[in-house]
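Undergrad: Got a structure here, written out as C-alpha cells. Questions coming.
Taken together, the values in this text are just the output of simple stated rules run on the coordinates, not laboratory data. Small disclaimer: the values here were computed from a predicted structure and weren't measured. When we count neighbours, we look across all protein chains shown, and the Cβ atoms used for this are built from the backbone with ideal geometry, even at glycine.
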Amino acid sequence: MSRVLVTRRLPGPALDRLRAHHDVDVWDGELPPDPDTLQRLVGPAEGLLCLITERVDADLLAAAPALRVIANYAVGADNIDLDAAAARGIPVGVTPGVLTDATADLAFALLLAAARRLVPGSDDVRAGRWRTWEPEGWLGRDVHGATLVVVGAGRIGDAVARRARGFDMDVIAVGRDGDLHAALRRADFVSLHVPLTAATRHLIDAAALAQLRPTAILVNTARGGVVDQDALAAALHDGRLAGAALDVTDPEPLPAAHPLLRAPNLLVVPHIGSATHATREQMTAMAVDNLLAGLAGRPLPHPAG
Ligand code: DGY
C-alpha cells in the first residue's frame, strides 16, 4: 500500500479503485492547495494525482523524496516540469483522447456563439433591452462558407475541422511547419489547438493578429499563454478584430481589472473544454490507471509527451 495525494475531489467512481489498493489523501478544498500547503502534503506521497492548477516543478519534486509517479488530470502537461520529473526518473501520465470531442464541441460552441453574438443577444433580452425585431440589430457573421484556420494539427484540431466541414466551412489546417501568417490572412475564424511550449508561447502575438482581417474571430480552447493577451486586448479595443472567444486565459482566472476583460466583443468562459460529466469521469479513470501502473512499477498506459 502506497501513499497517494489527490489534489482535488474528482468526479466518478474511479478513485475507489485507487483506495482499494492504496492509502489515498484527497485535498478537500474548493480551491487548489496553495504552493506551501502542496509542498507539505506531497512530502510522504509516492503517487501524485494533480490538476492543471498545480505547478509541479523541481522545488515541489524536491519536497517529495518518495514520489514515484505523477498523473496529471489533463491532456496537457505544461504545469509540470517534465525535465525535472525525468531527471528523478518519475513517469508522468496525462489523459489524452477522452476529452477530444468535448473540447472540440466547446471550441465550436464558442465559434458559433461569437459569430452570432449569442451572449450580447441573451443579455439584452434578459435585461429588457429587446424592444422589437430589428433589421439591423445583433448582426453577426456567417459561419457557413467561411474559412476556418485550425492552428495545430493534433487530435482536437482534427475534431474541430470535422465539425467545421459539417457546417460547410472551408478549413485550413496549420501544423508545426505551416505558414501561420499566410493562413491567418485568409481566415474568417481561427481556432487554436497547440500545446503550450516555449515555441508556442505568444504564437498569436501582435504580428500574428495584424494578419487577420478586422472581420475575423479568434477562438482559443488551448492554453491562455498561446495568445499575447495585451496584443489581443488592444486589437479588440481598436476594432482590428471582430471578436474573440476564449476558454483559457493566462493566468486563470484573470484578475477582474485585467484590460482583456474590458475589451469589446470578448466572450470568455472558465476553462470548461473538458467539462462534461462523462468526460471528466473518464479523465478520473485514466488518471487512476496511470497511477496504479506507476505505483506497480509498470509503464504508464497514457504517458505525457
Ligand atoms: C487539458 O486536459 O489539458 C484541459 O485543458 C483541462 O481539461
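Undergrad: Diagonalise the Cα gyration tensor of the chain and give the resulting equivalent ellipsoid semi-axes, square root of 5 times each eigenvalue, largest first, whole Å.
TA: One finds semi-axes of 38, 20, 18 Å for the chain.
Undergrad: Oh, and also: Can you put V226, V190 in order, fewest other beta carbons within 10 Å first?
TA: In order of increasing Cβ crowding within 10 Å: V226, V190.
Undergrad: Continuing with this model, one more query. How large is the charge dipole for the range 100-268, taken about the Cα centre, if only the Cβ atoms of Lys, Arg (+1) and Asp, Glu (-1) carry charge, to the nearest 20 debye?
TA: That gives a dipole near 160 debye.
Undergrad: Once you order the gyration tensor axes a ≥ b ≥ c over the Cα atoms, which shape class does the range 190-305 get: rounded for a/c under 1.5, otherwise prolate or oblate by comparing a/b with b/c?
TA: prolate
Undergrad: If you place +1 on the Cβ of every Lys and Arg and -1 on the Cβ of every Asp and Glu, how big does the dipole about the Cα centre of the range 176-256 come out, in debye to the nearest 20?
TA: So the dipole magnitude of the range 176-256 works out to roughly 220 debye.
Undergrad: Using helices alone, what [θ] at 222 nm do you get for the chain, with -39,500 (n - 2.57) per DSSP H run of 4 or more residues, divided over all residues and rounded to the nearest 500?
TA: -10000 deg cm²/dmol
Undergrad: Ok, one more. Hey, if you put +1 on the Cβ of every Lys and Arg and -1 on every Asp and Glu Cβ in the chain, which of P65, G154, A198 ends up farthest toward the positive end of that dipole?
TA: G154
Undergrad: For the range 20-64, what class follows from the C-alpha gyration tensor (a ≥ b ≥ c being the square roots of its eigenvalues): rounded when a/c is under 1.5, otherwise prolate if a/b is larger than b/c, else oblate?
TA: oblate
Undergrad: Taking the beta-carbon count within 10 Å as an exposure proxy, list F167, F189, F108 from fewest neighbours to most.
TA: Ordered by Cβ neighbours within 10 Å, fewest first: F167, F108, F189.
Undergrad: Something else now. Between D158 and M1, what is the FRET efficiency for a Förster distance of 35 Å, r being their Cβ-Cβ separation, to the nearest 0.05?
TA: 0.25
Undergrad: Determine the relative contact order of the chain: mean sequence separation of Cα pairs under 8 Å and six or more apart, normalised by residue count, in whole percent.
TA: 20
Undergrad: Among 248-256, 130-138, 78-86, how do they line up by average Cβ neighbours within 10 Å per residue, starting with the highest?
TA: Going by the mean number of other Cβ atoms within 10 Å, highest first, we get 78-86, 248-256, 130-138.
Undergrad: Considering only A85, S122, V143, whose Cα is most displaced toward the positive end of the charge dipole of the chain, charges sitting on Cβ of Lys, Arg (+1) and Asp, Glu (-1)?
TA: V143
Undergrad: For the chain, set up a GNM with springs between Cα atoms under 10 Å and report which of L148, L203, L38 has the largest fluctuation.
TA: L38
Undergrad: Right, next: Would you mind working out the magnitude of the charge dipole of the chain relative to its Cα centre, with +1 at each Lys and Arg C-beta and -1 at each Asp and Glu C-beta, to the nearest 20 Debye?
TA: 480
Undergrad: With a Förster radius of 45 Å, plug the Cβ-Cβ distance of A66 and A198 into 1/(1 + (r/R0)^6) and report the FRET value to the nearest 0.05.
TA: According to the calculation, E is roughly 0.90.
Undergrad: Along Cα→Cβ, 7 Å out, is where each label goes; now give me the distance between the ones at D23 and T37 in nm to one decimal.
TA: 2.2
Undergrad: Right, next: Is the range 1-87 best put as rounded, prolate or oblate by its Cα gyration tensor, with a ≥ b ≥ c the root eigenvalues, rounded for a/c under 1.5, and otherwise prolate when a/b is larger than b/c, oblate when not?
TA: rounded
Undergrad: Something else now. In whole angstrom, how long is each semi-axis of the equivalent ellipsoid of the range 100-268, when you take the square root of 5 times every eigenvalue of its Cα gyration tensor and sort them from largest down?
TA: 25, 19, 15
Undergrad: Same structure again: Looking at the chain as a GNM with Cα springs under 10 Å, which of L139, L180, L60 has the largest mean-square fluctuation?
TA: Fluctuation is largest for L139.
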